[in-house]
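First up is the structure itself, then whatever we jot down about it.
The values are calculated or read from the model by the stated rules, or taken from the named source; none is laboratory data. Since this is a predicted model, take the numbers as computed values, not measurements. With ideal geometry, Cβ positions are generated from the backbone for all residues, glycine too; neighbour counts draw on all protein chains shown. For the accessible areas, the whole protein counts, side chains as well, though only heavy atoms, and no ligand, DNA or RNA atoms are used. Shrake-Rupley method; radii C 1.70, N 1.55, O 1.52, S 1.80 Å.
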Amino acid sequence: MLALESFCARFMRGNRRAVTLLQASRNAVRASVYISPYSPVIGESMKVLSVPALLLILGATPASLAAETSDRDAPTLGLALGSGGASGLAHIAILEIFDELGTTPDRITGTSIGAVIGALYAAGLDADAILDLFDDFAGSELDALTGLARSSLRLRDLIPLRLGHDALLDSSEFLRFLSEHTEARDFDDLRIPLAVVATDFRTGESVVMDEGDLFEAIEASMAVPGLFAPVQRDDRYLIDGGASNPLPYDLLQGHYDYVIAVDVSGQGEPNDTDDLGITDLLFESFSIMQGSIIRQMKRHDPPDLYLVPATEGVRLLHFNRIEEIMDQAQPVANELREQLATWGVDDP
């Protein structure tokens, strides 16, 4: 009996749902169950049912409990990748940890740059391949006001200016470049379930896209107001998802054992007022708004793990600083590795 109680204690520590079930069922069996007020399984503040009652409530034998425990050795994980322009390259450092551990999230949600990188990863590209992809064109910083690239024209060619139209930049070449690196064209082609977020310009409501044309959804999710044109999808005009849900971990809450949210919005970093251009003013204002939304979300329902990579000095189109961004992201990548280990996700 003591061995069985020890087994059930280990089972309970790894199964939060069982704890909830026991709490709900305790009153129904109180008359026939011994309750220990000092059980080490839950702690002094929570009373626990005896082993026979535990088996009765769960409708399980010790053998089936063992099978259940084995099934839960690897927890289910939801990963939310937030919006943040070039700062979002830090998402790659997070994905490197999953590759290192030989595991993947069970579902990814993303907004803006988080949608871009999340879609590439969900399509089957590993973190190194995504890093190489961005390194291919990130040799320069684009000044959207003057159209001048400070070191080479590669990024300018990928995101050409469209002054005089309804936006400063045209994202079509960038999206074409991304599409050349994956065969996925539709959400159904992805290896990992994905949802990306945009915002309905008319209503201000979040629009969650998890089916249909993948690159149209990405284009809508990254349509920063004033920089990229809105995207018409069905009867809606869609703009950047950061306007309504810059860190869409709420779409994962309650569906997975653990939810990880990666915030690259730059909140908490002081805004640099030196040499500001129109893109900087637009994006920093947008970032302030996103930070406010995220703070409200966290107060209401925080994720299990909230990661904030350092983004000091990084602006909207600083893709040429990819190495610096990756270096700054290493501390939170290490934090993720350590937390995954405590959740039972270890080195393969």
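Couple of notes before you dig in:
- If you sort 249, 256 by accessible surface, 1.4 Å probe, largest first, the order is 256, 249.
- Counting charges near residue 219 (Lys, Arg +1; Asp, Glu -1) among other residues having Cβ under 12 Å from its Cβ returns a value of -3.
- Which of 181, 300 is most accessible, then next, and so on - probe 1.4 Å: 300, 181
- Solvent-accessible surface (1.4 Å probe) assigned to residue 335 amounts to roughly 80 Å².
- Near residue 99, once Lys and Arg are set to +1 and Asp and Glu to -1 for all other residues with Cβ below 13 Å from its Cβ, the sum equals -4.
- For segment 280-348, the fraction of alpha-carbon pairs in successive 5 Å shells from zero, as %: 3, 13, 17, 17, 21, 16, 9, 3, 1, 0
- Local electrostatic count at residue 255 - Lys and Arg +1, Asp and Glu -1, tallied over other residues with Cβ under 10 Å: -1
- Model label sites at residue 232 and residue 188, defined 7 Å from Cα along the beta-carbon direction, differ in position by 2.6 nm.
- When nucleic acids and ligands are ignored and a 1.4 Å probe is applied, residue 327 ends up with an accessible area of around 110 Å².
- The C-alpha radius of gyration of segment 173-272, expressed as a fraction of 2.2 N^0.38 Å, stands at 1.15.
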